[in-house]
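As structure tokens, the structure follows; a few thoughts come after it.
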Amino acid sequence: MLYHSTRQQGPEPQGICLSQALRKGLAPDGGLYVPQAMPRLSPEAFEGLRSLPAIAARLLAPFFEGDALAPELGQICQEALDCPIVLNILAGELHAGQTGVLELFWGPTAAFKDFGARFLARALVRLEAPEGTACRERTILVATSGDTGGAVAAAFHGLAGLRVVVLYPLGRISPMQEQQLTCWGDNVTALAVRTGFDGCQDLVKAAFAARAQGVALSSANSINIGRLLPQMSYYAWASLHWHRHFGRAPGFIVPSGNLGNALACLWAREMGLPIGDVVLATNANTTVLDYWNTGQWQPRATLATLANAMDVGNPSNMERLRVLYPTHDQVRGHLEVHAIDDDAIARQIREGLAGWPHDLCPHTATAVAVLNKLRVCHGRRHGMNQSPPTRDWIVAATAHAAKFDETVAPLTGHPTRMPQSLRMLMERPTSRHIIDPELAQLLPWLGSGRPDSATQGSENTTLRT
Ligand SMILES: *Cc1c(COP(=O)(O)O)cnc(C)c1O
């Protein structure tokens, strides 16, 4: 399998192999890597496979075909995708259709991003440190609107031959998210940038453009194909289990920001997995909804919302979506988009999800609010490509509510129970550095040595709970 840029303007007209795409992250023409063709597998191809790593290895084999990493795929899946995963089928509702919750938040940093980040880390470490060779350190540069940085830092922490630099918007993420970015040390550096998320992403792009400086740089944002591919595997896992159990293809409702998670779901369906309708739930950042409605792609400034890991005004994975579905009609035919404002998110957190024993994080709450809309609308209309319309819905629960306790607890009226994984992270000492959104201030952090001047903006704290 070869990969090419979404823009197809670069110096790689023949495409490049997976290993190269993983290393580069972003294509030289500024586009994002996509597979040259979408492989197809029938549900029967997964017969006898039950665990997430086993299903992932089968699913991803065509994407690794011909690559140096192909023989390692099984082992990468074993090591990276061993996080607990739960498909919670809620009682009742047999007539109107069944509801499930795909709990993706039982990993080390309590959000779905652990799956992709761990997979990418285990793949890259095999590329960077072939047995016994001493090679130059590679720096993984990542901008985060919240959960990405923590997941990437956790996934790469302590891996030989790899450094991580995490950029995040100063003052725009929750204290607990910040704790998860700044608690690592060793090969992980956290930089708070005086800008918003899009400003951080711009800085990452500028750094990649300046790569000629001799810094070995890779990205670990959801723009990296190595994070997207494994995210398909939990949709495969959940839809196969559902299909085996009920004999029907469930729809998925996916809380969406930069569109990586939703795209993984659409790719999985494209590959032939038993997935019905795919519905994107966004917050008040309505760029994707506006496109869905009008056919005009109009990136906007990012709005801050309660679901802050989805605060993206210019989702970069739209480029990949438009390779998959080139026309506006195709987009409308293959997916649906709903936006949920802060009032409705708050209401949903207060209300919770009947039959599910956990509090809702603000992101999952957007999907549950959309679920309620769909359940109400059901029967009246359904302009989707399927007939009969999907009645079974699986909500992707993208984070544990405890990560957003300062939002969730005042609404539910009780503190959120913290999972063991988060409790461990909260006890680690932290360290961060503050920079302006200027390439000149970032570059010194990307080599192997730490800049002297940069220590001026440093803060080290120990936070104990
Ligand atoms: C990142 C994130 C999202 C959005 O996912 P995308 O792949 O960027 O669309 C949703 N919920 C949570 C909790 C996240 O961390």
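Subtract the Cα-Cα distance of ALA96 and SER51 from 0.36 nm times their separation in residues, and report this length gain in nm to one decimal.
Values: separation 45, 0.36 × 45 = 16.20 nm, distance 2.94 nm.
My answer for the length gained is 13.3 nm.
In nm, to one decimal, how far is the modelled label at GLN8 from the one at ALA409, with both set 7 Å along Cα→Cβ?
Computed distance between label sites GLN8 and ALA409 equals 5.3 nm.
Considering the Cα positions of the chain, please state its Rg to one decimal place and its Dmax as a whole number of Å.
For the chain, the Cα-based Rg and Dmax read 20.9, 66 Å.
Going toward the positive end of the dipole of the range 289-365, with +1 on Lys and Arg Cβ and -1 on Asp and Glu Cβ, which of GLY333, CYS361, ALA346 do you reach last?
GLY333
Any idea what the dipole of the chain comes to, in debye rounded to 20, about its Cα centre with Lys/Arg Cβ at +1 and Asp/Glu Cβ at -1?
Numbers: 39 positive and 40 negative charges, 71 e Å.
Computed about the Cα centre, the dipole is about 340 debye.
Cβ neighbours within 10 Å, averaged per peptide: list 53-63, 360-370, 148-158 in order, most packed at the top.
Numbers: 53-63: 21.3, 360-370: 29.5, 148-158: 27.0.
Averaged packing, sorted descending, gives the order 360-370, 148-158, 53-63.
If we count every other residue with Cβ under 10 angstrom of PHE112's Cβ, Lys/Arg +1 and Asp/Glu -1, where does the sum land?
With Lys, Arg at +1 and Asp, Glu at -1, the net is -2.
Subtract the Cα-Cα distance of GLU79 and ASP343 from 0.36 nm times their separation in residues, and report this length gain in nm to one decimal.
Extra length available between GLU79 and ASP343 comes to 91.0 nm.
Work out the FRET efficiency for GLU72 and PHE246 from their Cβ-Cβ distance, taking R0 = 35 Å, and round it to the nearest 0.05. Intermediate values should be presented prior to the final figure.
Numbers: r = 35 Å, r/R0 = 1.00.
According to the calculation, E is roughly 0.50.
Return the calculated 222 nm mean residue ellipticity for the chain, to the nearest 500 deg cm²/dmol, obtained by summing -39500 (n - 2.57) across DSSP H runs with n ≥ 4 and dividing by the residue count. Let's see the in-between values first.
Details: 17 runs with 175 residues, N = 465.
That calculation yields -11000 deg cm²/dmol at 222 nm.
Quick check: convex hull of the Cα atoms in the range 21-107, volume per residue, rounded to a whole Å³? Could the numbers behind the result be given before it?
Values: hull volume 15.7 nm³, N = 87.
Taking only Cα atoms, the range 21-107 has a hull volume of 181 Å³ per residue.
In nm, to one decimal, how far is the ALA209 label point from the LEU324 one, both placed 7 Å along Cα→Cβ?
Taking the simple label geometry, ALA209 and LEU324 are separated by 2.9 nm.
Would you order HIS414, HIS400 from fewest to most other beta-carbon atoms within 10 Å of each residue's own beta-carbon?
Details: HIS414 10, HIS400 27.
By the 10 Å Cβ count, ascending, the order reads HIS414, HIS400.
Between GLU65 and ARG423, what is 0.36 nm times their sequence separation minus the Cα-Cα distance? Round to one decimal in nm.
Values: separation 358, 0.36 × 358 = 128.88 nm, distance 4.00 nm.
Between GLU65 and ARG423, full extension yields 124.9 nm more.
Among 161-174, 239-252, how do they line up by average Cβ neighbours within 10 Å per residue, starting with the highest? Don't jump to the answer; show the numbers that get you there.
On the way: 161-174: 22.1, 239-252: 19.2.
The peptides rank, most packed first, as 161-174, 239-252.
Going by amide H atoms built from the backbone, whose H comes under 5 Å of the H on ILE394, apart from near neighbours?
Amide H neighbours of ILE394, under 5 Å, 5+ apart: GLY100, GLY251, PHE252, ILE253.
Positive end of the charge dipole of the chain (Lys, Arg +1 and Asp, Glu -1 on Cβ, about the Cα centre): tell me which of LEU443, ALA57, VAL34 has its Cα farthest that way.
ALA57
Values quoted throughout were computed directly from the atomic coordinates according to the rules given, and no laboratory measurement underlies them. No experiment lies behind these values; they were computed from the predicted model shown. Quick reminder, even Gly has a Cβ in these numbers, built from the backbone with ideal geometry, and neighbours come from all protein chains shown.
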